[in-house]
Amino acid sequence: MFNTVINTLVDTITKCYPHLGYSLTSSRHRTNLLQYADDTLLIADVPSSCKTLLGVIEDWLTWSGMKDNLPKCVSLAIRASSGKPYNPDLTLDQEPTPYIVDTETRFSHSTNLSVQNQPLKDNTSRAPRLWSFSVATLPERVFKFGLNSLTDTLPHNANLHLWRKLPSPSCKLCGQRQTLLHVLNACPYALQKRRYNTRHDAILQAIYAFLVKHLPSTTSVTADLHD
């Protein structure tokens, strides 16, 4: 049954849009889709062609009643002139898709920023270099959030008020001044609704599952989780 449904997508893209693919060999044949179960790989020669194919997928998802899983999606675009990856500016369901970046360029740009470069400053020890590499290879949205949170340059209400973007720095949930600390850990309303507990437990569960999977079976792992 699943194959019957997914084949409608495969046939639509391969038969109706063969000109939007990319020649992987010296032949004239263009490949624009590789499909394995519910995993789809689109191949195009330019971002505009890939945007067209993504539009086809969006229409098909609406028709089939399915939904994309954007966090699992990633795009890779490589400039022919330099051989380096770049942002192809693709979207899925009006949300930007994560993309593989040129970490050298990203790291060089970030270390030249006057404020956000502080977490990336290196010295002679090994730990900062490992930290810098780990940060530089994060997905774009996570990378920006991490740097701006470490340097308190995220657009919370206190900063937006300071930047003259909002008339008041107050939190809309509790009325207190909304700082970075307030958003992440200290809003009374969020505390009362146990929002921080949910986030904490989700992260702890992920760490626990990772340790159980990779440590020897003779090792006991304990986590402070309710269930």
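The values are calculated or read from the model by the stated rules, or taken from the named source; none is laboratory data. If you're wondering where the values come from, they're calculated on a predicted model, not measured in any experiment. We place every Cβ from the backbone using ideal geometry, glycine too, and count neighbours over all the protein chains shown. Each accessible area value is taken on the protein alone, full model and side chains, heavy atoms only, with ligands, DNA and RNA left out. Shrake-Rupley method; radii C 1.70, N 1.55, O 1.52, S 1.80 Å.
Per-atom-type breakdown for segment 157-222 gives carbon and sulfur 59% of the accessible area (1.4 Å probe, protein chains only). Pairs over the 30 Å Cα-Cα cut-off, from the set Lys51/Lys172; Lys15/Lys144; Lys72/Lys144; Lys51/Lys165; Lys84/Lys213: Lys51/Lys172; Lys15/Lys144; Lys51/Lys165; Lys84/Lys213. Between Tyr86 and Thr8, the simple label model (points 7 Å from Cα in the Cβ direction) yields a spacing of 3.8 nm.
Working note: Cα atoms of segment 133-227, range along each principal axis, descending, whole Å: 58, 36, 15. Taking label points 7 Å from Cα along the Cα-to-Cβ direction, Thr219 and Lys67 give a separation of 3.6 nm. The modelled label-to-label distance between Arg177 and Thr31, using points 7 Å beyond Cα along the C-beta direction, is 5.9 nm. When Rg and the Kirkwood radius Rh are both evaluated on Cα atoms of segment 1-105, their ratio Rg/Rh stands at 0.97.
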